[in-house]
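Please treat every number below as a calculation from the coordinates, not as lab data. The model shown is predicted, which means the values in this text are computed figures rather than measured ones. Positions of Cβ are generated from backbone atoms using ideal geometry, with glycine treated the same way; all protein chains shown enter the neighbour counts.
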Amino acid sequence: MVPELVKPIEILLIEDNPGDVRLTMEALKEAKVVNHLTVLKDGEEALTYLRRQGPYAHATRPHLILLDLNLPRKDGREVLAQIKAEEPLKRIPVVVLTTSEDEQDVLKSYNLHANCYITKPVDLDQFIRVVRSIEDFWLGIVVLPVPPQNGAR
């Protein structure tokens with residue numbers, strides 16, 4: 001019997017801080033689950049990617065989105081609102097991963113149907129631990145929906 005090829009879990013990281021991108025990539029590199037990480041640096045580009053427009057016409061839909069709130073061009077709150085308002089994007093789990101501890105950001109994110117809200121720790125080791133816990137939960141325990149790929153917008 002030939003072993004089944006494992007399809008990687010597609011993760012979209014929407015983050016403009018290069019240090020946080022590097023740390024997230026490092027933490028996911030040792031993942032128990034095979035994953036493919038796409039990084040986009042602003043909200044406009046993220047929505048273009050998710051909608052498969054322009055240069056992203058053949059983009060692979062992610063199984064999971066890690067979203068910073070403080071983004072250039074279109075902030076994470078607007079991106080989250082648009083993701084959760086559009087078929088079939090609204091089914092993609094969105095983990096808000098941000099430095100904001102503002103109660104209004106937490107409430108607004110959940111009101112916009114974020115799947116969870118995590119405040120980024122300042123400490124390097126804690127940050128890596130947080131990303132690994134996201135990985136353990138979302139990629140190891142949760143059953144993620146299979147994103148539509150072929151022509152579905």
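Okay, here's what the table says:
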{"quantity": "Selected from V39, V131, V142 as most flexible by GNM, with the chain as the system and alpha-carbon contacts under 10 Å", "calculated": "V142"}
{"quantity": "Selection from S133, V39, P62 lying farthest towards where the dipole of the range 14-137 points positive, charges on Cβ", "calculated": "P62"}
{"quantity": "Rg to Rh quotient for the chain, alpha carbon positions, Kirkwood Rh", "calculated": "0.95"}
{"quantity": "The chain, helix-only ellipticity at 222 nm - DSSP H runs n ≥ 4, -39,500 (n - 2.57), divided by all residues, nearest 500", "calculated": "-9500 deg cm²/dmol"}
{"quantity": "Tail beyond 16 Å, pair distance distribution of the range 79-153 (Cα, percent)", "calculated": "58 percent"}
{"quantity": "Residue exposure sequence - Y56, Y117, Y110 - by fewest surrounding Cβ within 10 Å", "calculated": "Y110, Y56, Y117"}
{"quantity": "Choice from P88, P121, P18 with maximal GNM fluctuation in the chain (Cα, 10 Å cutoff)", "calculated": "P18"}
{"quantity": "Charge dipole magnitude, Cβ of K and R +1, D and E -1 - the range 9-141, Cα centre, debye nearest 20", "calculated": "520 debye"}
{"quantity": "Integer Hz, Karplus 6.51/-1.76/1.60 couplings in order for the range 55-70, x for Gly and Pro", "calculated": "x, 9, 4, 10, 5, 7, 5, x, 7, 8, 10, 9, 10, 7, 7, 9"}
